[in-house]
Structures are given as C-alpha cells and as structure tokens.
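Below is one structure, written out as structure tokens; the observations come after it.
Please treat every number below as a calculation from the coordinates, not as lab data. If you're wondering where the values come from, they're calculated on a predicted model, not measured in any experiment. Don't worry about glycine lacking a Cβ; one is built from the backbone with ideal geometry, like all the others, and counts go over all protein chains shown.
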Amino acid sequence: MNVNFFPTRWRALLLAPLLVLSCSTGFAQVRLNAPHTEPIPPKWMFGYMQSQWGDSFGYGYQASFLDHARALRGQDNQYGHHQHPADVIVLDMFWDGLNWDWPKNMIWDNGRFPNPKQMIDELHAMHFKIIMNYHDSGFGSEWLNYMRDDFAKGLDAPWLDFWTAGSSHEQAVWDLMRSVRGTDKRLAFMARHYARPSLRNHEGNNGNGLGIEKVPNEDDIEKTMPVHWTGDVEGSWGGFQESIEGVVYSTDGAAGGWSYLHTDTPGHSGGDDPELAARWIQFSDFTTTTRNHGWMGRDVWSWGAEVEKISFDSRMLRYRLLPYIYRSAWEIWENAMPMTRPMTVACPGEADGLKYQYFFGDSLLVAPVYKKAADFPGGTMPVYLPRNTEWINYWTRAVSAGGQTINVTVNDRAHIPLFVKRGAIIPMGPEIYWIDPTQHANPLTLDIYPLGACRTEKSALPSVRPIFSRLLA
C-alpha cells in the first residue's frame, strides 16, 4: 500500500500499524487515490434510480414508461400509487427498439416512443432526471452526434452499457458532456466497471451463462468520470455477497479508489426472493449510489407490500441522510477517503479479515445481512464493534462497548444492522421525495450521540434551526 495516497492527517494513523501489518491481506488490497481524483457528482445522483430490463414490465413504450414515473410520484397511472423517494428513471435499450447494431442502436424507435422530447419534458416536470442506455456499435463522431441530439432533447446522463479495453470511449463521451453542459458543471454518467471477486456474472468467460467476470482494465482517468456499476451480476445470495465485497473491499471497488460504484439491485438475473431483495436494497442504500435493475420485476412494488415498505423506509432514511452523504462525498474529493470505508481503512489492524461490514462515512457502521436469516445459527449475526469508543444501535439506542463482537438479530428484515459511533453528530434533512440541488436541507436536524449525559440548549446553533434528536443520557 502506498501511504502517500492517504491525506496527511491520515498518514500518522496508518504508519504505526503499517510497519507491523504491511504484509497482511487487508493492507495489500488498499490502493486509495490521491486527493482531488474523484469529483462529486450532481446532488441528484445520490437519489434513488429506478431501472428495469424486460419488455413485459411496461418500460418499452412511452405511455407505460411515463406511468412508471407517475406511480412513483403518486399520480394517476395504470400501476397504482406507489409514492417513493426517487430522482432518476432509467430508459434501457427499448428507446431504439432493442437494436445493438449501428446505426439503428442510436436512432429512436418512434413506434415505441413517438415524441421523446415531450416525454423527457414530462419527466422533468415530475422532478425526474432521465438516464438512457447506449451500446457502442459504430462508435465515432457520428455516434457522438446522435448522443448530442439526445442531450438537446433533455437527456440528463448516458448509461454506457459496454466495456472496452482502456477508457477512450468513456473519455470521448465525458468530453462531449463537458462541451454540451460546460466544464464548470458537475456531471454524471454510468459506465461499466467489473469488480472482483465474482464467479456469478453473466458477462463471464463462458459467454452466455455465468462465469468469472473480466478483469477490469480501465485507465485511471476513468475515476474522474463517475458513476460506475459492476455489470450483470447474478441475483442470488452468492451474487449479493460478492457484490458487497466487490463494491467495498476489492481493489476494483472503494478499496482501490473506485468510490462511486454500485450494483444492479437485487442482481441482474433472478432476484425474485423477497428476503434477498429487501437485504440487497438496504445495502445499496448505504453505498454511494443506489439503483434497482434486472431482468425480473424491479419496481418498488415487485416483491409485495412488505418489501415495498422496507424499500420506502430504507430510501427515505437515505434521503434524510443526504447532508451526511454529501459531506462524505466531499471527503472522497478532498481527502480520497471512500464513503463505503473498509474496516482495513477505518480501523486498521482490528478486523482486517472482515468483508461484510464497513463504515459509511466516518460515523456509521453498516453490517448488511448477507445470508438468509435461516442460515444464521440462532437467528443472529456477529458484528464487530471497533475499540476506543462506544457504539449505539441506531434502531434500539442500545449502547455497546467497542473492541468486541456482538450478535444482532436478523429475523426482523425491516432494518439493516446500523451502529453510530458515540460522540457523532449526524446532519439530517427532512423527508423529501426528490432532491432539489438548489436547496439546502430545511430544517436541518442534528442527530446527536453525546459522549456522556447532557441537555439541549435552545440557543445552540440558531443559524441551522437545529432539531436535536436521539439524545442519550
């Protein structure tokens, strides 16, 4: 590990354990960037992205595609009212009639989508951003001009659904976006980035079924062009476990300086198990970006009322945590510290062998339930709490000493195991259903976990109109 990649204020913390543990597996896998490598995406990119493959689910035609957006906003539509926090709706290859070959892969199918600009204008009026899927057959200046026309129609960000050696195609698209939107704007697009370990990817070595995914070989320049996703991972518990490890612990993920990485949730194939869907959604909501996508039904209502409520509660908590998330995104830019922070980075030398729990920012400890509840003996899952502080269970407020492993129940799938470092102050906003980049959280809630007994003072921090919550005696 190159310690110089860490900001100065972290090097002193790392050098002492590094002298002893530099040969350990955990440290060998940490390769963070230099500061000011990964730019902060536009604020709306931290919201939920609704995406779907499969012509039979109503995403393949303009009227029904708009109805999916209306369903999420609680407006009249054919799918019912499913008001849900969401900022992005993704249009897969249906817009070009499912054509992969040039030049049809870049031409709108007007039988399916008779008035693209009108559709995009309606989505914008509902406070949605639109991302569209692109394949690279015929890539070149004319291909890019077709995409330029889509930006003129109102496209907010492209999804580059292809993978090539290096990053020349991605760089060309990024340059196009900057020429259209301006170099002073925060931009986002989606590009493929494989994240090992994965033995369950549909784009693996055997071509059609599942296999070992390709070794990533993008140029480092692509880290300056967020956001990425891990390819067509299998929607199974094994695929979920590999996704957690790949996004957080792999050198292809946060531990290697690929911070804005997410997965198809709950997997590209399969994913019809409601328990798996609930647990994968909860994990995704505690990563930098969160998106449902796959071959099977991926609407928030696809797994029934219980999972829809779990999804709503998880996403609404994420939206309330936007001030904390945005501050953590600044840490990625300013100090190269990942938001999904491996234990090897957050508390080096304590729990380097763990791969299914991690820090989310500097104050939250997340432990996704990575197996079926029935597969955990006694219905409990071990969680390690780092030493030198106490930890508060976010849901029960129970206080536990650090430096120990505790068992948490997994039978109640409503909540992801979540712990707060004692002494933390978590900035939170109000409940919202979409993100307005021009507005700050109002009111701003300071979720305080004091080190000892305390009381509030009404005069404290009047400039942020504080609402103090979860105060602990």
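If we sort 181-187, 77-83 on the protection proxy, mean other Cβ atoms within 10 Å, highest first, what's the order? Mind dumping the intermediate values first?
On the way: 181-187: 11.7, 77-83: 14.4.
Descending mean neighbour count gives 77-83, 181-187.
Taking neighbour counts of Cβ atoms within 10 Å as a proxy for exposure, in what order, fewest first, do W229, W434, W395 appear?
Working: W229 27, W434 18, W395 14.
Fewest-to-most ranking of W229, W434, W395: W395, W434, W229.
Taking the C-alpha atoms only, the angle from helix 8-21 to the longest principal axis of the chain is near 70 degrees. For the chain, the relative contact order works out to 15 percent when only alpha carbon pairs closer than 8 Å and six or more residues apart are counted. When only the Cβ of Lys, Arg, Asp and Glu is charged (+1, +1, -1, -1), the dipole of segment 43-329 relative to its Cα centre reaches about 920 debye. Across the alpha-carbon atoms of the chain, the computed radius of gyration and Dmax are 21.9, 68 angstrom.
Adding -39500 (n - 2.57) for every DSSP H run of four residues or longer, then dividing by how many residues the chain holds, sets the calculated 222 nm ellipticity at -7500 deg cm²/dmol. Where both bridge residues fall in the chain, DSSP classifies roughly 50% of the beta bridges as antiparallel.
The long axis of helix 274-285 is offset from the longest Cα principal axis of the chain by roughly 80 degrees.
Relative to the longest principal axis of the C-alpha atoms of the chain, give the angle of the C-alpha long axis of helix 322-335, reported between 0 and 90° and rounded to the nearest 10°. Compared with the principal axis, the helix lies near 90 degrees.
Phi angles across segment 61-78 convert, under the Karplus curve 6.51 cos²θ - 1.76 cosθ + 1.60 with θ = phi - 60°, into 3J(HN,Hα) values of 9, 4, 5, 6, 4, 5, 5, 4, 5, 4, 4, 6, 9, x, 9, 4, 6, 7 Hz, Gly and Pro given as x.
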